[in-house]
Structures are given as structure tokens and as C-alpha cells.
Amino acid sequence: MDLGIAGKTALVTGGTHGIGRAIAEELGRNGCHVVVVARGQAGIDETIAAICDAGGKAGGVSADLTQMDSYPRMVAEATALFDAPDIAIFSPVGPPSGRFQDMADEDFQTTFDNVVKAFAHFARAVTPAMKERKWGRIVTVGSGHGRLPGRRATLGFDYVLANTLRPSALGLSRSLADELAEFGITVNTVPPGFIDTGAQYEAFFRECAKAVNQTYEQFMAGLIDRIPMKRFGNPDEVASLCAFLCSARASYITGQYMLVDGGRMEIYY
């Protein structure tokens, strides 16, 4: 299927690993000029090479997503590389897991800054050119905690920061969708379920297993048993949906929250 986005400039934050990299590569395969944003230059260079080796075009920007002045700079650098972004993918710095009693005011403030405030700065940076062109696509890689809180009974670990601040980010996304629709700009959120992103994901779940006094194998078997498809997803399955939402064919889809979770979250939360 021709997504109608060949030649569009796509800005992808967190684009060097896991879901973000899969999105960057998928947009590259569909003809976008991809600007990969991450902190580490080595990861940026590797991702650019992968996109170019597959026949795409890509450049990179090294930026820290926790610093608000990074957002206008990354857009300026993307514009210098190719053009102002037509497509913008926001993958926020996610909060750590933990219980309410373990969190200080600073933890809540940091999570608000990284998940909500950073998205606001990202939107301010990418939307002016989109408004002028009367066309744009914004997709946030969100979280299932945006609508339904993660609970120890179903997850095996606590996630009070995500439960508190992810809904705020979703509210901002929905508000932006309403405000920007008249300019031909869509804003959608894609919350992944359990997606196998490799060693980092495994390390996280090993710590979760320890916290509930289970072996890693026991803990993972319990998680998988709660997923109707009986498996974790892979990053490409999230990337495919994101690419479609960025396409010309998705011009009437906005303000949506589309789970990629194997059927799990709405059933078990």
C-alpha cells in the first residue's frame, strides 16, 4: 500500500532503539526523509546507516529530551538537513516504576516535565510549519496507563508515576487534536503493550520478578498468560500502525488512542 508520504520529513525522537528505531526504519522504507533524534551519536549513526542501507534517506540530531531547549533546536536542525518536519513522532522519557510511598515531590515533577511538558514543547516546535502547509502528523508513543492504571495485581509491580502523569499527556494529545484539526494536522497516541525490545526490557522484568519473589521464568509466564495472543509483541508491529497514522490515508483519524497489546490491556486492567 502506498502511504503517500514519500519525500515527507519525519522527525523521530528516541529513534535509535526499540520501538522508536522500528518507527524510524519503517518511515524510511516508506520514502520519508527521516531525522533520528537521540542522545548518543553512535546509535544515531547506526540507525542512519540502517535506513540508508535499505534505500532510504536519513540524518540525525543529538539531543536530550529532558531539556526543553532541545525541541526548537532539533526542528531547526531537521529543517537544515531536509525540511521542516511534516511528521513528528514523540517518544517521551518514561517514568520509573515504584510505589507512592517511595516517591518524593521531585519524582512527580520530573515525570511531569518529561512526559507532559516535554510533549508541549515538542508540539510548539513542530506545529508552526505544519499549520502553514495545512498538513501534519503527530504520533505519541504513549502508555496503557494513560487510560487505565497499572495495578500490582495484574502487572506484578507498581507504577504510580505513570498512573498519575500519563493521563495528563493523553489529555494534552486529545486537546491538540481538537485545536489542530482545522489545519489538516492529526494527533494520535499509540500505547504499546508488552513489546519485546531486547536486553533492556529483560533486565526490567528481572527486577520485577525479584520484587515479587518469583523467578524470571515464573514472572514472564504469568505475564504472557494474561495476553490473549500468548506472546509479547515486536517493535515492527507498533511501527506499522504508527506509519499508517502518519500516512495520507489516515487523514480523518485524529484524537485516537490505539492500543497495540495483543488484546490484553482493556481486558485485564
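Here are the numbers:
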read-out	value
Count of residues meeting criterion [modelled with pLDDT under 95 and within 20 Å of the chain's Cα centre (by Cα)] in region 92-113	6
Residue, most open to solvent (accessible area, probe 1.4 Å), within region 78-105, restricted to residues that are closer than 25 Å to Ala203 by Cα and without any contact (Cβ under 8 Å) to a residue 24 or more places away in the chain	Gln101
Residue within region 221-235 that is among the aliphatic types (A, V, I, L, M) and under 14 Å from the mean Cα position of the chain (by Cα) present	no
Among (1) open to solvent by 60 Å² or more (accessible area, probe 1.4 Å); (2) in contact with a His (Cβ under 8 Å, 6 or more places away or on another chain); (3) free of Cβ contacts under 8 Å to residues at least 24 places away in the same chain - the single one Glu179 does not satisfy	(2)
Residue in region 185-198 that is open to solvent by 60 Å² or more (accessible area, probe 1.4 Å), out of contact with any Lys or Arg (no Cβ under 6 Å at 6 or more places or on another chain) and among the small types (Gly, Ala, Ser) present	no
Residue among Arg21, Arg39, Arg29 that is of a type in the set (D, E, K, R), touching a residue at least 40 places away in the same chain (Cβ under 8 Å), on the phi < 0 side of the Ramachandran plot and open to solvent by 30 Å² or more (accessible area, probe 1.4 Å)	Arg21
Filter result for Glu237 (without any contact (Cβ under 8 Å) to a residue 40 or more places away in the chain, of a type outside the set (S, T, N, Q) and open to solvent by 30 Å² or more (accessible area, probe 1.4 Å))	no
Residue in region 154-169 that is among the small types (Gly, Ala, Ser), open to solvent by 40 Å² or more (accessible area, probe 1.4 Å), at pLDDT 90 or above and under 21 Å from Thr127 (Cβ atoms) present	yes
Failed condition for Ile227, given (1) assigned to a loop (DSSP other than H, G, I, E, B); (2) open to solvent by less than 30 Å² (accessible area, probe 1.4 Å); (3) within 30 Å of Gly28 (Cα to Cα)	(3)
Selection from region 1-42 of residues that are of a type outside the set (Ser, Thr, Tyr) and closer than 11 Å to Val61 by Cα	Leu11, Val12, Gly14, Gly15, Val34, Val35, Val36, Val37, Ala38, Arg39, Gly40, Gln41
Yes/no for Ala221 being modelled with pLDDT under 90, over 30 Å from Leu3 (Cα atoms) and either of a type outside the set (D, E, K, R) or surrounded by 15 or more Cβ atoms within 10 Å (Cβ to Cβ) (or both)	no
Filter result for Gly59 (in contact with a Gly (Cβ under 9 Å, 6 or more places away or on another chain), surrounded by fewer than 24 Cβ atoms within 10 Å (Cβ to Cβ) and of a type in the set (Gly, Ala, Ser))	no
Search result, residues across region 50-69 that are in a loop (DSSP other than H, G, I, E, B), among the polar types (S, T, N, Q) and in contact with a helix residue (DSSP H, G or I) (Cβ under 7 Å, 6 or more places away or on another chain)	Thr66
Residues within region 32-77 that are more than 14 Å from Leu11 (Cβ to Cβ) and either within 17 Å of the chain's Cα centre (by Cα) or not aliphatic (A, V, I, L, M) (or both), tallied	14
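The values are calculated or read from the model by the stated rules, or taken from the named source; none is laboratory data. Quick caveat: nothing in here was measured; it's all calculated off a predicted structure. Note that each Cβ is placed from the backbone with ideal geometry, even for glycine, and that neighbours are counted across all protein chains shown. We work out accessible area using only protein heavy atoms, side chains counted, and drop any ligands, DNA or RNA first. Shrake-Rupley method; radii C 1.70, N 1.55, O 1.52, S 1.80 Å.
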